[in-house]
Amino acid sequence: MPQIIDGKAISAQIKDEVRAKVQELKAAGVSVCLAVIQVGSDPASSVYVGNKKKACAYVGIESLAYELPEETTQEELLRLIGELNGRADVNGILVQLPLPKEIDENAVIRAIDPKKDVDGFHPQSVGALCIGQPGFVSCTPAGVIQLLKRSGIEIAGRECVVIGRSNIVGKPMSLLLLRENGTVTVAHSKTVNLQEVTRRADILIVAVGRPKMITREYVKEGAVVIDVGVHRNENNKLCGDVDYDDVAPVCSAITPVPGGVGPMTIAMLMHNCVEAADAR
Ligand code: GUN
């Protein structure tokens, strides 16, 4: 049977490291504060925001919660971001996505001071990642790198295939694997002969957004499979983009859903908040 990569345990380890760092900063007179903005009351977003607040409390980061009504205008949101940009006591600013459709997400992301962009979504952060300069990295792909490294999985020189090219996961994921000296292919919905491409992978990262799409036909014997997807199936149970029961027997290591990539996102967010405070 494969190695099951335990995202819960690895994220707990990272949160404990962050907690120790927060205490160190506090001892030096530096406090860490994250502002979390949610517009509207999308239930999934409310759960994510609640989890972020809980993680902040655990690691000792102060959190400011802004729960704005659905009718909030773009101008009002931009004004709040401007105010938070100017506050010396706020280290990180996170605007929970998706935003109501009347608001231009890109304009909102661009408004965040790159020094406080703990989500790593600002074009300056993405550009810095692209050319190997310091900057914040999107939390989910950064978490995947930590899962691989802390599970003793070598990236350098290996064939890495990322399925998905979103700005939040697929694109930064491919850049991070490249930074780790992987040989990287990005596959997507227009890729011809997807199975042929994915079967080349030593490390297969799946972020397609379709429940259980990846079966063993897509996976080379002995590959490492990382599942970024989260869905609820017909019985309200969580499942990923990978058909776990089908794929697990043919791979060397795999992340489960839940308990794989999911918990890593918040751990890396906490890590980014501390970096933001430490850099000041
Ligand atoms: N919505 C879904 N994932 C994320 C995330 O990582 N950050 C933010 N801000 N919104 C999200």
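Descriptive notes on the structure:
- Spin-label model distance (nm) - Glu217 vs Arg87, 7 Å beyond Cα toward Cβ: 5.3
- By other beta-carbon atoms within 10 Å, ranking Ile163, Ile153 with the fewest at the front produces Ile153, Ile163.
- Listed peptides 225-231, 5-11, 132-138, 73-79 appear in the order 225-231, 5-11, 132-138, 73-79 once ranked by packing, highest mean of other Cβ atoms within 10 Å at the front.
- Rounded to the nearest 20, the Cβ-based charge dipole of the stretch 1-60 about its Cα centre (Lys and Arg +1, Asp and Glu -1) stands at 140 debye.
- Evaluating 6.51 cos²θ - 1.76 cosθ + 1.60 at θ = phi - 60° for every residue in the stretch 14-23, the Karplus couplings come out as 5, 4, 5, 5, 5, 4, 5, 5, 5, 5 Hz, glycine and proline recorded as x.
- Put a plus charge on the Cβ of each Lys and Arg, a minus charge on the Cβ of each Asp and Glu, and nothing anywhere else: the dipole of the chain about its Cα centre is then about 500 debye.
- The angle between the Cα long axis of helix 43-59 and the main principal axis of the chain comes to about 70°, on a 0 to 90 degree scale.
- Helix 74-86 vs. the chain, principal-axis angle (Cα, 0 to 90°, nearest 10): 80
- Long-range HN-HN contacts of Arg158 with modeled amide H, under 5 Å: Thr183
- Positive-pole candidate from Val169, Gly229, Thr198, dipole of the chain, charges at beta carbon: Thr198
- The Arg19 and Lys190 beta-carbon pair, evaluated with R₀ = 45 Å, returns a calculated FRET efficiency of approximately 0.55.
- Relative contact order, whole percent, for the stretch 191-280 stands at 26, derived from Cα pairs under 8 Å and 6 or more residues apart.
- Here the dipole of the stretch 1-137 is about 580 debye; that uses its Cα centre as origin and unit charges on the Cβ of Lys and Arg (positive) and Asp and Glu (negative).
- Sequence of Val208, Val242 once ranked by neighbouring C-beta atoms within 10 Å, starting from the fewest: Val208, Val242
- Arranged from fewest to most other beta-carbon atoms within 10 Å of their beta carbon, Thr255, Thr191 become Thr191, Thr255.
- For the stretch 214-222, putting each phi into the Karplus relation 6.51 cos²θ - 1.76 cosθ + 1.60 with θ = phi - 60° gives couplings of 8, 9, 5, 4, 8, 10, 6, 3, x Hz, in residue order, rounded to whole numbers and with x for Gly and Pro.
- Residues in the stretch 231-248 carry Karplus couplings, in order, of 9, 9, 7, 4, 9, 6, 8, 6, 9, x, 7, 9, 7, 4, 5, 6, 8, 3 Hz; the curve used is 6.51 cos²θ - 1.76 cosθ + 1.60 with θ = phi - 60°, and Gly or Pro positions show x.
- In this structure, the pairs whose alpha-carbon distance is over 27 Å, taken from Lys21/Lys237; Lys26/Lys149; Lys149/Lys190; Lys171/Lys212; Lys26/Lys171, are Lys21/Lys237; Lys26/Lys149; Lys149/Lys190; Lys26/Lys171.
- When the chain is described by a simple charge dipole with +1 on each Lys and Arg Cβ and -1 on each Asp and Glu Cβ, the residue from Leu147, Ala55, His271 located farthest towards its positive end is Leu147.
- Counted over the chain, the DSSP beta bridges are approximately 5% antiparallel.
Taken together, the values in this text are just the output of simple stated rules run on the coordinates, not laboratory data. Not measured: the values here are computed from a predicted model. We place every Cβ from the backbone using ideal geometry, glycine too, and count neighbours over all the protein chains shown.
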